[in-house]
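Shown next, in structure tokens, is the structure this report addresses.
Computed from the coordinates by the stated procedures, all read-outs in this text should not be read as laboratory data. Remember, predicted model here, so these are calculated numbers, not experimental data. All Cβ positions, even for glycine, are placed from backbone atoms using ideal geometry, and neighbour counts span all protein chains on display.
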Amino acid sequence: MKKKRLIQHAAILSIGTLLIVALLCGLTVATVSAECKNRGDLDVRYCDENGDLVADPPQDASQYLDPSVLVFSYTPVEDPSVYENVFTEFMAYLSKKTGKRVKWYGAESYAAQVEAMRSGRLHIAGISTGPTCFGVNLAGYVPFAIMSGPKGYGYKLQVITRKDSGITKMTDLKGKKIAHVTPSSNSGNQAPRALFKDLGVIPDEDYKVIYSGKHDNSILGVANGDYDAAPVASSVLDRMAEKGVVNKDDLRIIWESDPFPTTSYGYVYNLKPELAKKIVDAFLTFDWTGTALEKEFKANAFNKFIPITYKDQWAVIRTIQKFNNIVYSQDALKKLKVKKKKKKKK
């Protein structure tokens, strides 16, 4: 009987302990929520007290990230291995300015970049126009720079087709097979869905959308006759033409937009402030003269990095994504993973 009472007493104490723990957990969650007065579209793990639309650094210095090796990635517009060589000199300079080893991460997709930064495996990146918004809101990405030059930093959405396709105007796209890039791509999907209606054609209603996975896949697909047409980034088309990968004389541009901001460059929000400052300085003081970067982006007339803010330069992109009812969530991020279709070679 005594033993039974002891067991009952122990059970009551255990239940009481669990209730106290649950109460404390509830208070902790409530306290965390109360501490963040403004979050906007940011994931629940981030906060935006200063209203600049990007994640604030952690208030607790013990949460700062100070890795011994910095991981850098460039948007997977084309073959990631090619761009590792393009950024070699810059990564060496970044290493010198920060005093840390810099490692390349060749992301295969926009989603892979965002997931890598969200999980803490990627610290610095160049993220394409549309996916920049996903990086900011889901991964704590803080854009601060963009490539620029004498002609500025913008690129255009261009709708391309073969000259022998018979397509000369936007309404000719009706009933055709059109390549979009990925769901998150600005010029390759988001902007077309927001802008094409006023031009007399609606994606998925007036023509069949096929996601190619990358801008170069769309461009090569049109050049090779796999697709009838495609909305692409002018900056990518210019670079591919400069390299001789495609011949612009074989293509026709039937429409182009006003300029959009191109790839943003930034770091993950929880880097140690002193380190983040060194990274920004490395970008803004890097001399492109005679480097692989200068050669690669010669067609775009880019020759330096200039400062930008997500709040100002990405306003038009946020407007387009709002029009398309984009929600920055893990489910939406998963939809960025588009299976790439292999293209036939000439």
Rounded to the nearest 0.05, what FRET efficiency do residue 334 and residue 66 give with R0 = 51 Å and r taken as the Cβ-Cβ distance? Could you check? 0.95
Would you list which aspartates and glutamates come within 15 Å of residue 37, measuring only between C-alpha atoms, while excluding same-chain residues fewer than 8 positions from it? 48, 49, 52, 56
Rel. contact order, % - alpha carbon contacts under 8 angstrom, at least six apart, the chain: 24
Mind checking the log10 I(q)/I(0) for the stretch 157-257 at q = 0.13, 0.14, 0.17, 0.18 Å⁻¹? Debye, one equal scatterer per Cα, no solvent, two decimals. -0.36, -0.42, -0.64, -0.72
Looking at the chain, do any whole DSSP H helices span at least 20 angstrom along their long axis by alpha carbon and average 0.0 or above on Kyte-Doolittle, and which? 2-35
Spin-label pair residue 197/residue 295, simplified geometry with 7 Å Cα→Cβ offset, distance in nm: 4.7
Given labels modelled 7 Å from the Cα in the Cβ direction, how far is it in nm from residue 35 to residue 243? 4.6
Please give the length that would be gained between residue 287 and residue 311 if that part of the chain were fully extended, namely 0.36 nm times their separation in residues minus their C-alpha to C-alpha distance (nm, one decimal). 5.9 nm
Could you go through the stretch 257-267 in sequence order and give the Karplus-derived ³J(HN,Hα) for each residue, using 6.51 cos²θ - 1.76 cosθ + 1.60 with θ = phi - 60°, rounded to whole Hz, and x for Gly and Pro? 8, 5, x, 10, x, 8, 3, 8, 10, x, 10
About the Cα centre of the chain, what is the dipole size in debye to 20, counting +1 per Lys and Arg Cβ and -1 per Asp and Glu Cβ, all else neutral? 1300
Stretch residue 84-residue 277 to full length: gain in nm at 0.36 nm per residue minus the Cα-Cα span? 67.1 nm
Only helices counted: for the chain, with every DSSP H run of 4 or more residues adding -39500 (n - 2.57) and the sum spread over all residues, [θ] at 222 nm is -11500 deg cm²/dmol
Compute and list, largest first, the equivalent-ellipsoid semi-axes of the chain from the alpha carbon gyration tensor, each √(5λ) rounded to a whole angstrom. 43, 26, 18
